[in-house]
Each structure stands twice: as C-alpha cells, then as structure tokens.
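First up is the structure itself, then whatever we jot down about it.
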Amino acid sequence: MNSTVATPAVSTEAIAAAWAKHVEAEHRRGGSFKRKHIYASSRRKCLRRSVLEATEPESFPEFDAEARARMLRGSQRERDIMIDLMRVGRHCEPRFDVEGSQERIEIKDRKGRVIITGKIDGFIHWGDSRAKWPAEVKTWAPMTTDRIHRFADLFDNKWTWSGAFQLLAYLYAKNEPRGILILDRPGIPKLIEVELEPYLAAMEAFLRDAETAVNHIEVGTLPDFINDVSECRTCPAFGAACNPPTSYAGARVLTDPEFIRILERRHELEAAADEFDHLDKEAKKILRGVESAIAGPFVVSGKWGKSTTYEMPEDVKKQYAKVDPKGKFTVEITKV
Amino acid sequence: MSTNEAKIHEPEVITDDDLRNPGVPATLAEIAALGPKAALDVINSRVEILRTLRIEAIRRTSPEDWVMYKDDKTGREIAYLQDSGCQRVAPLWGIEVTPLGFPERTPATSAKPEDDFAYTYRGDGFCNITMQAIKGIEGTRYSHERYAQQASAGIQREVAVKKAARANLDGTIVRKLSGLNSVPVQELAEAWGSKDLLARCSKGRGYGTQDQRVGGAGTTGISPTDIPICEVCESRGKKGTKLVFRENAKTPFWGCPNFKSHEDKPVIVNDADLRKQIEQRKAAMEQPA
C-alpha cells in the first residue's frame, strides 16, 4: 500500500511561528510571586497599579512573543554593552574598571521596612579615586533615544519616565552623587551623566509613594483610583484586577451664531487664500533683489532691509534650550 | 435656617444661544415659546451639532474598527463599531462609564481550567454632550472566543476574558450614547470621503460563508489567489479583474465579468484544466528539493 506523508508548506509564516516559540522558551515568565516592596524599575504614576503589581502579579496579562523578543534583545544588548564597557575602561583616560554587575540594592524607610529593591547593571570605578558611578543600560526604541539629550528629557516621555527614577533610586541607595545612563543605539551608545542632587525632591516623592504603597500592601488595602483616564486606558490591570470608572469631558460645544458665521466665511475664502499664498510666494521668489520693475499692468518696487540671525554652536543652543510642553497651540478647522 | 446662614443661589440664565446646545435641557414648549424663526434656528442648530459629532466620530475611526452586515433579503448593509473603535470616539462624545461592583463569572467556579466560562460587567453610562444617561448596561465575553483561546487556560484566560468583558461594557455604552450601534455603510463611505476604504472593513453575516469572508476557497473550492486574472482587462488598465466561475455552462469555465467590453478577445479558462494546473503546481511545491 502506498502512503504519502504531507510535508508542511514552506513559508515565512512557519519561520515566524517557530521564532515566537523560541522566544517564549528563552524568555519564560518566572512563576508570578507576590512581594511587599516596589521595584526601582517600576515607578508608576498610579499607586493602585504599584500595589496590584506587588500583590496580584498573576492578574496582569503575560507579555506576548513580540514584547518578550524586545526584552530578550534588551538583556542581550545590556550584556554586550557591559562587556564592551570593561574593555573601554582600559583605554579611557583616566582609566576605569567595571564592577558589581547585577548587585542587589534595597532602600528602607524610617521603620526599617524594605520599600524599594533593584539590581544595578554595574559600577564604573574611576582609577584610584573612590568615585563609583552606578551605571544603567537601557535599550529603548531608536526614535525615543534620539530625543534624549539630557537626563531631564527622560521625564517628558511615559516610556522613559520610570527609567529615570530607577537610576535615581540606585544613586540614592548607594549614596553616590553621580551615575551614568548608557543608552543603546546604532553606533556608539549615548552616555548621559546623572546627578542626584537636582532630583532629590523627585526621589523623595518616589520614596513617599513607595512607603504609601507598602502601607497598603501590609494591610491588604488598595489606594484610590488615579482618576486619569489616559493612565487607566494604558494600564495592563484595567478591566482585570482594576475596574475604575472612566470619564471624558467631550468636545466643547460653541453655539454663538456670529462665530459660526466667521468660520463659514473663513471656509469660503480658504481655497482662495491658499492659492493667494502660493502665488505670492512664487512671485516674490522671482522678484527677490529687483528694486524696480514693470510687468504688464503691474508695478514692482523692492527694498533691502536688515535681518538679524544668531549663529550659535549646537551645544550652547542645547544648554539654553527651554522646553515648554504647552508653549505652542496648533488649531485645525475642518468643515465636515 | 437663619437669614445669616441662608445661601443665595443665583438663578442660572439660559440664553437663546445656549439652547442651541443639545446638552442644555429644554422642552419643546420652551423652544416653541421663542417664536417660530428662533425655535427653528435652535432645533436646526441642535441637529447640526449632533450631525457634525456623528460624522467626526466616524472620521476618527479606521475601517478595521467596523464589521459590515448584509441583509440577504433586502440587500441593506449596515456596520457595527467594534469595542476597539469605541475607544476612539469616547473622548469626542464625552462618555463616562461607571462600573457597578465586581464582574460576575458564569459559572461561579469551574472544575477544570479548560471548562468554558463567561464574565459579565454591569455599569451605567453618561454622555457629557447630550446629558443622556443609561443604566444597568451589561458587557459579556466568553472563554471560547479566539483571543481567549490564545491565552493559556487558567488565570491568564480569566484575565483575558475579564478585560474583554470590560471593553464590551465600555463599547456598548459608547455605541448606545453616540448612536453608532448600527450605521448604514453608505454613511461610512461619505464620512471617509471614499468607498474604497469599505474594503478594509471586516465582513460579517450576509457576505458569503465565513471562509469566503476571510478570502477562502468558498463554494468553488479554489482559493482566491489561484483564480486567474483577465489579461485583456489588465492590458487596458482594469487591473486585478478576476475571472468568474460559470458552473451552469455545458462545460464549466471561468470567464471575465467584463466580457462585453472585449467580445473580440474572449478570455475563457476551462474549469477542469484550471484545477489540474493548480494541483500540479501544489504537488511541485511540496516535493523536496
């Protein structure tokens, strides 16, 4: 009797599925365990989430294969960068050594309770001096890393916000005034020196929150809802371990008939205005430098005037740059 | 209460302009009392605001957020906004969701982690634009659904179903308060300014078998990717015109749906020949190198 064995179809889908299984095997989630403290890497704006992560870690969704692949890559890059850092230390002037890889840190409160724990990637120990810089390696998305120029920039992005507090916690725990953040990127990593003192108030806020969280953990209660729908919507506990009310203000309704007439007239003129702007720009581009001209029925007169620009080195520009998150307001008006 | 303790409440003055806002409560009698012209202006203004909100809400969704359904008898096509799409329109409509208590599991406990179960959330909703409230809404999801089966049985599947049930509660409240429960498909095309985007919407009941709706072989048994393309239409700019199966012909064949535009160059593929070619191609791919 003839028998045939069906072979699976060759395809990229087959490779992708096998790769996902490989990643899941390599980055197996360690059995969820409860704890009575906060991780230094897990500073949250929502205290309720911090407490749930410590008391009900099993009720958070597991990471999918894509997220695990990213974390696996992060771990691999961290190892490679620390190895490179050791070699770099030998050629640096002054020389440094790398030591204390994955050293565990604990921060205790006034009652002697452990409230924050973490593991430092390593320390840069400078030459013969006693200066020891806690070092933290991060592998964030290239676009995110590109936007970071100073330590303060980490607080502007929700994906890097907790990372900022992680390094501050390490500096605080080891009583070191300075540390270094090493950001992986194509090419030489971005190195950001970090000082604890300007951020002491932020670190104290972290300590207060950690203490509050631990108080709740000890008595089995939960902090109030954060009442910020933008935080709740992106929280993995939403709908599972946490069930907050959500509320949006809604679009503001403007009913002044006079204002609506202004918008209608503006809409009528919009196309003509765009065409005017375009033609005006074209004409003035051609006429730049022409002090007197006749074109058909048109008379042109031009005049040179003063203009002042400031040529500044990039690093000086960055030093005096001041970012106001609400400094600009852009309005778009569309007729539906 | 003594005069010293009395609180003075300033009466709220509502102007004619305020009445144009659909969120300002007013009876028909109050609007009619403004006089015929003013009353009509107020009503038209309210209608226009709700119309603008509805169109803008659809514009904020993407085609993938919708599932289309077709009535076999009337041919009427309507679209349903999925829970994921509801999250895009909730901020515009100012939706509030207040869940009531904990979610209810059915059954309360299971003998084995693989046993089927469901979670139901109950809650109230409110719209800050229309000031409309709804109470006692339910959102339910089941463990046999695809996303739940992808999570491992046990706590992870419980978490997945709970989250989906909460999303369903929120979505149901948004759909009811915004009127986006059942939207004529034509309205989607008008809001997006293009009928082509409808092709990206998921297809539900009335659009063929489940297999056909996801691009399967359907009743012909031939996968859409294996159906030949009309070369004459291709050369004339009508790219991607697939041949259509004519099973009732004396000898079943595949022909071009636009055959009348190129009768001088008919495109006909014998059905038996086509199936033989497909089999031979598949056999060649499966053979080891």
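The values are calculated or read from the model by the stated rules, or taken from the named source; none is laboratory data. In this text the structure is predicted, and so the values were computed from the model without any measurement. Cβ placement follows ideal geometry from the backbone for every residue including glycine, while neighbour counts extend to all protein chains displayed. Just so you know, the surface numbers come from the protein's heavy atoms only, side chains and all, with ligands and any DNA or RNA stripped out. Shrake-Rupley method; radii C 1.70, N 1.55, O 1.52, S 1.80 Å.
Within the range B:11-33, if we keep just the residues that are surrounded by fewer than 16 Cβ atoms within 10 Å (Cβ to Cβ), hydrophobic (A, V, I, L, M, F, W, C) and away from chain A (no Cβ under 13 Å), the residue that is nearest to residue A:259 (Cα to Cα) turns out to be B:13.
Here is a yes/no grid of residues against (1) at pLDDT 90 or above; (2) in a helix (DSSP H, G or I):
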site: A:299; (1), (2): yes, no
site: A:304; (1), (2): yes, no
site: A:311; (1), (2): yes, no
site: A:315; (1), (2): no, yes
site: A:325; (1), (2): no, no
site: A:328; (1), (2): yes, no
site: A:336; (1), (2): yes, no
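Within the range B:129-148, being over 27 Å from residue B:106 (Cα atoms), open to solvent by 40 Å² or more (accessible area, probe 1.4 Å) and touching a residue at least 12 places away in the same chain (Cβ under 8 Å) holds for B:131, B:132. For the range A:110-135, a residue qualifies if it is open to solvent by 20 Å² or more (accessible area, probe 1.4 Å), on the phi < 0 side of the Ramachandran plot and either of a type outside the set (A, V, I, L, M) or modelled with pLDDT of 90 or more (or both), and the qualifying residues are A:110, A:111, A:113, A:114, A:119, A:125, A:126, A:128, A:129, A:130, A:132, A:133. So which residues in the range A:234-255 are of a type outside the set (Gly, Ala, Ser) and either without any contact (Cβ under 8 Å) to a residue 12 or more places away in the chain or more than 7 Å from every other protein chain (Cβ to nearest Cβ) (or both), if there are any at all? Once the filter is applied, which keeps residues that are of a type outside the set (Gly, Ala, Ser) and either without any contact (Cβ under 8 Å) to a residue 12 or more places away in the chain or more than 7 Å from every other protein chain (Cβ to nearest Cβ) (or both), the range A:234-255 yields A:234, A:235, A:236, A:238, A:242, A:243, A:244, A:252, A:253, A:254, A:255. Note on the range B:45-75: residues that are open to solvent by 70 Å² or more (accessible area, probe 1.4 Å) and without any contact (Cβ under 8 Å) to a residue 24 or more places away in the chain total 5. Residue count for the range B:165-200 under the criterion of being open to solvent by 10 Å² or more (accessible area, probe 1.4 Å), more than 14 Å from every other protein chain (Cβ to nearest Cβ) and part of a loop (DSSP other than H, G, I, E, B): the result is 5.
Among the conditions (1) under 24 Å from residue A:63 (Cα atoms); (2) facing chain A (nearest Cβ under 9 Å), residue B:90 misses just one, which is (1). Taking the range B:104-125 as the search range and keeping residues that are within 20 Å of residue B:152 (Cβ to Cβ) and touching a Ser or Thr at 6+ places or on another chain (Cβ under 6 Å), which one is farthest from the other protein chains (Cβ to nearest Cβ)? Looking at the filtered set, the residue picked out is B:116.
If you go through the range B:144-164 one residue at a time, do you hit one that is in a helix (DSSP H, G or I), more than 10 Å from chain A (Cβ to nearest Cβ) and within 13 Å of the chain's Cα centre (by Cα)? Show your work before the answer.
To start, the set of residues in the range B:144-164 that are in a helix (DSSP H, G or I) comprises B:146-149, B:155-164.
With the extra rule that they be more than 10 Å from chain A (Cβ to nearest Cβ), the set shrinks to B:146-149, B:157.
Subsequent filtering for residues that are within 13 Å of the chain's Cα centre (by Cα) retains none.
Taking every residue of the range B:144-164 in turn, none turns out to be in a helix (DSSP H, G or I), more than 10 Å from chain A (Cβ to nearest Cβ) and within 13 Å of the chain's Cα centre (by Cα).
Residue-by-condition table, conditions (1) at positive phi; (2) open to solvent by 10 Å² or more (accessible area, probe 1.4 Å); (3) not in a loop (DSSP other than H, G, I, E, B):
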position	(1), (2), (3)
A:162	no, yes, yes
A:181	no, no, yes
A:206	no, no, yes
A:216	no, yes, yes
A:221	no, yes, no
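Residue A:245 meets all of the listed conditions (1) within 25 Å of the chain's Cα centre (by Cα); (2) over 16 Å from residue A:55 (Cα atoms); (3) not hydrophobic (A, V, I, L, M, F, W, C) but one, namely (1).
All of A:293, A:321, A:283, A:273 fail the test of being surrounded by fewer than 10 Cβ atoms within 10 Å (Cβ to Cβ), more than 14 Å from chain B (Cβ to nearest Cβ), without any contact (Cβ under 8 Å) to a residue 24 or more places away in the chain and among the hydrophobic types (A, V, I, L, M, F, W, C), apart from A:321.
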